[in-house]
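Asker: Handing you this structure, nothing more for now.
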């Protein structure tokens, strides 16, 4: 009889859902618990364990396609970072950490002196976007401006989400995570990854 060895089986199942369906980590972990028939209150693996499983899944099943998809998403992120340079943009998430596939969106964090200035910049460019709110890296809710834009490297539309932070939030934004990695990178750091 096969038994689940939590949290590794949860992480592996979640990784498959993240890579193959484009789910975010939280949703993938919850769905993995359901798919494995575990109780709803099952202890979930932390994101570092899931990220390691995502990298393993990519290496096993997507090694031939993922690098080009990641490069296309990083190139798209850089285009938008250059367009919005005045707002000190930083790329984060799977595109920054190198685990993105064509199913991932691009997440850019903007650090603005005036929170409405980024939205005005999009209006002035004639960009079609939707405004919303989401939980930011500080734990507080922040404004998010979401666009669907063409990604030439993938030949399809990709979501680009601009999370709006106060300029003062930049101070804590570049502290390394638990693995000693920067959780986000500016345009120069992204160019270095693309080189």
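FYI, it's all coordinate maths here, none of it is from the lab. Bear in mind the structure is a predicted one, so any value in this text is a computation, not a measurement.
Asker: Can you give me the C-alpha center-to-center distance between region 28-78 and region 124-157, rounded to a whole angstrom?
Answerer: Cα centroid to Cα centroid, the span is 21 Å.
Asker: Let me ask something additional. In deg cm²/dmol and to the nearest 500, what is the mean residue ellipticity at 222 nm of the chain if only DSSP H runs of at least 4 residues count, each as -39500 (n - 2.57), divided by the residue total?
Answerer: Value at 222 nm, helices only, nearest 500: -13000 deg cm²/dmol.
Asker: For region 93-177, what relative contact order do you get, as a whole percent, if you take Cα pairs closer than 8 Å and at least 6 residues apart?
Answerer: 33
Asker: Continuing with this model, one more query. With a ≥ b ≥ c taken as the square roots of the eigenvalues of the C-alpha gyration tensor of region 49-121, please select rounded if a/c is under 1.5 and otherwise prolate if a/b is larger than b/c or oblate if it is not?
Answerer: prolate
Asker: Checking the a/c ratio against 1.5 first, then a/b against b/c, what shape does the Cα gyration tensor give for region 57-195?
Answerer: Details: a/c = 1.84, a/b = 1.28, b/c = 1.44.
Oblate is the answer for region 57-195, as a/c is 1.5 or above yet b/c matches or exceeds a/b.
Asker: Would you work out the relative contact order for region 133-179, in percent, from Cα pairs under 8 angstrom that are 6 or more residues apart?
Answerer: Computed value for region 133-179: 28 percent relative contact order.
Asker: Can you say what percent of the DSSP beta bridges in the chain, counting only those with both residues inside, are antiparallel? Round to 5.
Answerer: 75
Asker: Let a ≥ b ≥ c be the square roots of the eigenvalues of the Cα gyration tensor of region 1-85; is it rounded (a/c under 1.5), or, if not, prolate (a/b larger than b/c) or oblate?
Answerer: Verdict is prolate for region 1-85.
Asker: Once you keep just the Cα pairs under 8 angstrom separated by 6 or more residues, what percentage relative contact order results for the chain? It would help to have the intermediate numbers written out before the result.
Answerer: Working: 289 pairs, mean separation 37.3, N = 195.
Once divided by the residue count of the chain, the mean separation gives 19 percent.
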